[in-house]
Every structure is written in structure tokens, then in C-alpha cells.
Amino acid sequence: MDREIEATLEALLDERRTFEPPEAFAESAFLNDPAVYSEAERDPDAWWASQAERLDWFQRWDQVLEWKPPHHEWFLGGKLNASHNCLDRHLARDGDRVAYHWIGEPGEKRTITYRALHEEVCRLANALKDMGIRKGDRVAIYLPMIPELPAAMLACARIGAPHSVVFGGFSAESLRDRINDAEAKVLITADGGYRRGDVVPLKANADEAVGQTPSIETVIVVRRTNENVPMQEGRDVDYADLVEQASPECQAEALDSEDMLYILYTSGTTGKPKGILHTTGGYLTGVSATHHLVFDVRPETDVYWCAADIGWVTGHSYIVYGPLANGCTSILYEGAPDFPDKDRWWSIIEEYGVSILYTAPTAIRTFMKWGPQYADKHDLSSLRLLGSVGEPINPEAWIWYQQFIGGGKTPVVDTWWQTETGAIAITPLPGITTLKPGSATKPFPGVFADVLDEQGHPVGRGGGGYLVLKRPIPSMFRTIYKDDARYRETYFGRYGDHIYFPGDGAKLDDDGYFWLLGRVDDVMNIAGHRISTYEVESALVDHPDVAEAAVVGRRHPQEGEAIAAFVTPKATRIGDEELAQELRAHVAKVIGKIARPHSIVFTEDLPKTRSGKIMRRLLRDVAEGRQLGDVTTLQNAPILDEIRSKANSLQGDEA
Ligand code: PRX
């Protein structure tokens, strides 16, 4: 990085600045009066009802909330359809508006209007009906990031058939287990997809999976790569033929607010994934309200880009249901950020005039590592708001994002939520909130969050403990599919049926801002001191020569656990003993001696899932010298061997 830029950055960090909403932004924002918080707090049901009113209901609800802890239902008696809300209701006025600008990794482009998407969805919905799919039947979807993916989800929603989208990076075995748990009747997949120039063999994986999934009757195959894939007579059908032959007229089913919209599997602390179950009315209310207000979206003028994969909840809520319910124009990009070069995202932003970008800290830190010259090559002045999601964002990455991508002028909304909450729950409101880099700031209006200690007492300002939600929110999941006992135990076992425990640690600062500290299952106990892996990681990435860091606890005979750090230095610095000493001293300075890593392994990259999450579980295995657990979701498996050989030579290297 340019020395001058670096000096500016360091000065910013030293200032620990806060950021007021830019005046012009605040003036025109949908929400710019903090009274919204107290109003929502006084009467949360009325607040959520006012958000539900932004949707089209075939029949209005009789009751906003029925809360029988730990269960809750929303907008009881109301009838609606998610596909109708995402498509039909926009047609009369905005049918020619672009729903998605799609960009294939090899470079193809497609522009899909609301009208075109509506027709495709109706045709596919009819085709599913012709196959005998009825309300309540589950449909599995295993597709790359192509327009057929949102179309397939909405076709299911249209007829009331819950979808279960399985991320295209998952293996055949993972796909099989998810299909079997949901007992899906149909699988919608593709011949393949593109990733960094390579073809991902989706159909081959699907064939392997479907060999062991007795519930699947039909496999629908989208032609993406046009490779010659075997089609099994009587089971496999071509998506294009099917859609072409089906009628373009399909009435959206009037579904109950509490009818199931989808299942999405997510990892828990055990090996078996949890089927997170979302229903229709509450979920759609939550995602459309948060998308509208957190991103302050203007559907007439904004070009919005959530650069996640639809296979994860971020894509479900903020590429598909939220933006479409709001009639917004989105970017849908199929591939990797460094294909063909490391400026791919910035070239897309320039070409389409993207005004809102929503991505994950891990991506931001990767861009930091590559350096700002890639963004510099492009005109990013169309950007007016940036978002972050998925993990705690360290202040340095936050500042870098705002400076080098946002041109120093955009608000950055750091949004905390989960697959389980369905929608953003803790977040700034960009026209109201004074931003503090590294803090997700405050609960969204109508969300009652707090931080409790082990005994369930609020820790109060200045204290740290466990994040909880004290009242349900409409977008929250209803249960774990076919496993309500696990729902009760995982989320309500700690503080009882009234208090949802998301599994995250948090601190409240003196202004009542929430600072998320990562999963509490990643909390270490070092010589009787509770230290979050995230705190140590933040301290490490706070050092000017560190690009990325992951920290895990390793069993230690004297101290209970020892801190093992895996660090990627910036390109300008070599990871040697000198740097290791500096880092130990730096962590000691930032947190205290107790948090100094016992061992530091320098590595060019960290093991990550396709969605960019660092797989600490595998690093823990490495640190403990154990056999590695499941590596199927890893995007960069070879790096583990390298890390392991370095770590072996470090065993016993205790500071
Ligand atoms: O630990 C929190 C972290 O991601 C977890 C949820 O992961 P998942 O269900 O995969 O959903 C990710 C996208 C919503 C949370 O329990 N997390 C998510 N957002 C943040 C975060 N941690 C800190 N700050 C965030 N903004």
C-alpha cells in the first residue's frame, strides 16, 4: 500500500473516529427521527404491523402476534403470497424495471425485467404443478448463481411448495443429507457452474446424491455450461423444454401467513445440519422492512448489489425476497471476485453504476490484502451506501471499506443477524445512527436485544456477556424442521423459553452500542480468563502489517487453553520471528499479556468456506495435531497441508 495512504489510515485509526450520518443523506432518508425507536419500543406490534402493511395481503390478519414461548406466530389469519409480492404487484407500474442485471463469470450478460421474471416463474410453477407438486411438498434447489435460481425459489413460493436451497459449493453427500432430511420430491439443478474459470460439476454431484435419495421423483436440469451430462430417462428433464411448454399464466396461491416458505440448513455445534424453518408473512415483513430502511433503498434509482451467494441466508433475504419485495434493481454476479482479475467487482460497480454494496468483512479484508490499486482503477462514485454482514468487522477493515471503496463519504452499515433471525436485527439506520467502526450499533426498531451474564442478569453499559433477544421478531425462524426438541434446547436452553439465545458474545459500551464478539463457542478460557478468539483476532489485524488472522484455543496443560494464531501478513511484510514478537507485544498492548498468542503460524491464506467464513474448526484440529474433520465445504483445501506442516514444527513453541 502507498505510504501516504497508509499514514492517513493510521491517523484515522488513532482517532477512533465516529461518523455522523452525512447531512444530505440524513435529510432525505426514510428514517431520520430517532423517535422511531421509542415508538417501536412502546408498541412493537403496531410497529411490525405498519411494516406488514407495506406488503400486499389477499386477506388481512386478525392478530399480529401469538407468543406461546418458545414459539411465536405472526399475522395470524392473514393470507398472502411471497411470489405475488415480489413480482405481480410491481407489474402494472414497474413491469419493465430491471429486477436483475446478471453477469456470468465468463462474461455473458442478461437483463431480466420484473415482467420477464414473472413469466418465467409462472411457467416453472405450472411445470411443477404438472409434475404433481402441491402445497407443502418440498423442492430442493442446487444451482449456481444464475437467474434460474431466484426464479426457481419464487416458482416454489408461488404454489406453496417450500424450497430447500443447497449451496452449489456443497458436496454430493451434503446435498444427499439435506434432500433426505427434507424428503424433497423434486431437485432443480444445472449441468454445471463456473468458479474461477473452472466448471463445478453440479449434475455429477446431483447424480451421486440422488442415487441415495428415495424421495426424489424428478430432476430438472438447467443448461448452464452446455457440457454433455448424462440424463436419466424418466427422471431427468430439461429446464428449458419444461418452461417453454408450460403456460405463462399461473395464479399465486393464497397462503396462510404461517405457511412454510422455506427450509435452509445451517451448521450447529453437532455434525448434523439444522433445517431452519421460515414461514411466509413474518419473514417477508422482516426482510422487506429491513431492506427498505437499513439500505434506505430507492427502487426508482438505486442499483443494489448484495454480493453474497443465494445458497446462504444473506442471499435468500437480501438478493431474492427483500429486494424483489421492494421492487428494486439488483446485480446478480455468478463468479469469483478475482476472475479474470482482482478488479472484477469494481469494474461491475462502474459499469452498472451500483449505488449500494453489501458484502462480508472477509471479502473486505481480502481486498485490503490485494491493495487499493484495483478499486482505484475504476470510478466508484455511484456508491452511496455500504453494508457489512456475517462476522464482526474490525475497525481497520471498516475504515478501509469506507475510504477506498466508499470514497470516504458513504455510511457503512454493519448488520448483525443470522440464518435463524431471517432478517437484520442489530444495525445502524443510516439516516440516524452515529457510526462507530466495529460496532453493529443498535437493535433495529422492534427488536429487543440485551446482553446478559451467565446467571441471566443484564450486564449493563460497559459490560460483556451473551447476546439475547427478549421478544420474538416476525422474520425469526419458527423451529428446526422435524426437530423441535433441538430448537428448544439450542436456543432456549440457556435462559428459558422467553429469551432467545443466538450463541453470540457481545459487549455494551457506555453509549449502549452493541459490539459483537463472535460465537461463544469460539470463546477460550486462558488461565481462568475468558477471551474471545475474535478479540485476539481484532488485535492482530489491528497491527499495520497483518491482513487477516484467525485464532483458536488449543489445550494446554498449565493454562487450560493456549492461544494459537494463524496470521496472513500483508504483501509488504514477511512473516518471520521478528514479526511474531511484534505481534505478541501488540496484542499485549491492545488487550493485555494474557491474550498474547502462544504460537503464531504465518500463512498465505486461511481455510475458508465458499462463502468466505474462516473454518476455525479445522484450525483447531490443526492446532491440536488432530486428524482433520469434514473439509468438503472448503474452497482452498491445499492451504491446510501447508499450515499443518508449519504448525507441526511449532508445536511446543510457547511464548
Ligand atoms: O456470529 C454471528 C455472525 O454470524 C452468525 C450467523 O451466521 P449465519 O447464520 O451463517 O448468517 C450469516 C449472515 C447473516 C451470527 O451468529 N454474524 C453475522 N453478522 C454479524 C456477525 N457477527 C458480528 N457482526 C455482524 N455484523
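Quick notes
- Once you reduce region 259-335 and region 54-124 to the center of their Cα atoms, the two points are 11 Å from each other.
- Counted residue by residue at 0.36 nm each, then reduced by the alpha carbon distance between them, the extension gain from Arg60 to Ser347 reaches 98.8 nm.
- Protection proxy ranking, peptides 425-431, 488-494, 223-229, 136-142, average beta carbon neighbours within 10 Å, highest first: 425-431, 136-142, 488-494, 223-229
- Dipole in debye (nearest 20) - region 246-333, about Cα centre, beta carbon charges: Lys, Arg +1; Asp, Glu -1: 420
- Using C-alpha pairs below 8 Å separated by at least 6 residues, the relative contact order for the chain is 12 percent.
- Rg/Rh for the chain (Cα atoms only, Rh after Kirkwood) is 0.95.
- Charge dipole of region 220-341 about the Cα centre (unit charges at C-beta), most positive-ward option of Val237, Ala308, Ile220: Ala308
- Restraint check, Lys369/Lys613; Lys68/Lys274; Lys436/Lys608, Cα-Cα greater than 19 Å: Lys68/Lys274; Lys436/Lys608
- Using the Cβ-Cβ distance between Ala254 and Lys68 with R0 set to 22 Å, the FRET efficiency from 1/(1 + (r/R0)^6) comes to roughly 0.30.
- Mean Cβ count within 10 Å, highest first, over the residues of peptides 595-603, 245-253: 595-603, 245-253
- Measuring from each cysteine beta-carbon in the chain, the ones with no other cysteine beta-carbon under 4.7 angstrom are Cys86, Cys156, Cys306, Cys328.
- Kirkwood-based Rg to Rh ratio, region 397-443, C-alpha trace: 1.01
- 3J(HN,Hα) from dihedral phi, region 134-142, Karplus parametrisation 6.51/-1.76/1.60, rounded to Hz, x for glycine, proline: 10, 3, x, 6, 8, 10, 8, 10, 9
- For the chain, with all protein chains in place and a probe radius of 1.4 Å, 47% of the accessible heavy-atom surface sits on carbon or sulfur.
- Calculated diffusion of region 457-554, Stokes-Einstein form, Kirkwood radius summed over Cα pairs, 20 °C and 1.002 mPa s, µm²/s: 139
- Using a simple spin-label model with pseudo-atoms 7 Å out from Cα toward Cβ, Ser50 and Ser171 lie 5.1 nm apart.
- Its Cα gyration tensor gives region 259-397 an equivalent ellipsoid. The semi-axes, each the square root of 5 times an eigenvalue, are 27, 20, 13 Å from largest down.
- Dipole check for the chain: with +1 at the C-beta of Lys and Arg, -1 at the C-beta of Asp and Glu, and the Cα centre as origin, the magnitude is about 820 Debye.
- A convex hull fitted around the alpha carbon atoms of region 525-647 yields 103 Å³ per residue.
- Among Val567, Trp57, Thr329 the positive-end extreme of the charge dipole of the chain (Cβ point charges): Trp57
- Annotation: extensible slack from Asn228 through Val590 equals 124.6 nm (criterion: 0.36 nm per residue apart, minus Cα-Cα distance).
- Estimated from helices alone, the mean residue ellipticity of the chain at 222 nm is -8500 deg cm²/dmol (sum of -39500 (n - 2.57) over DSSP H runs with n ≥ 4, per residue).
- Taken about its Cα centre, region 525-647 carries a charge dipole of about 400 debye when Lys and Arg each add +1 at the Cβ and Asp and Glu each add -1 at the Cβ.
- Taking all protein chains into account, the per residue accessible area for the chain stands at 37 Å² (1.4 Å probe).
- Stretchable slack from Arg235 to Glu454, in nm (0.36 nm times residue separation minus alpha-carbon distance): 73.5 nm
The values are calculated or read from the model by the stated rules, or taken from the named source; none is laboratory data. Computed from a prediction, not measured in an experiment: that's the story for all the values here. Positions of Cβ are backbone-derived with ideal geometry, glycine not excepted, and every protein chain shown enters the neighbour counts. Each accessible area value is taken on the protein alone, full model and side chains, heavy atoms only, with ligands, DNA and RNA left out. Shrake-Rupley method; radii C 1.70, N 1.55, O 1.52, S 1.80 Å.
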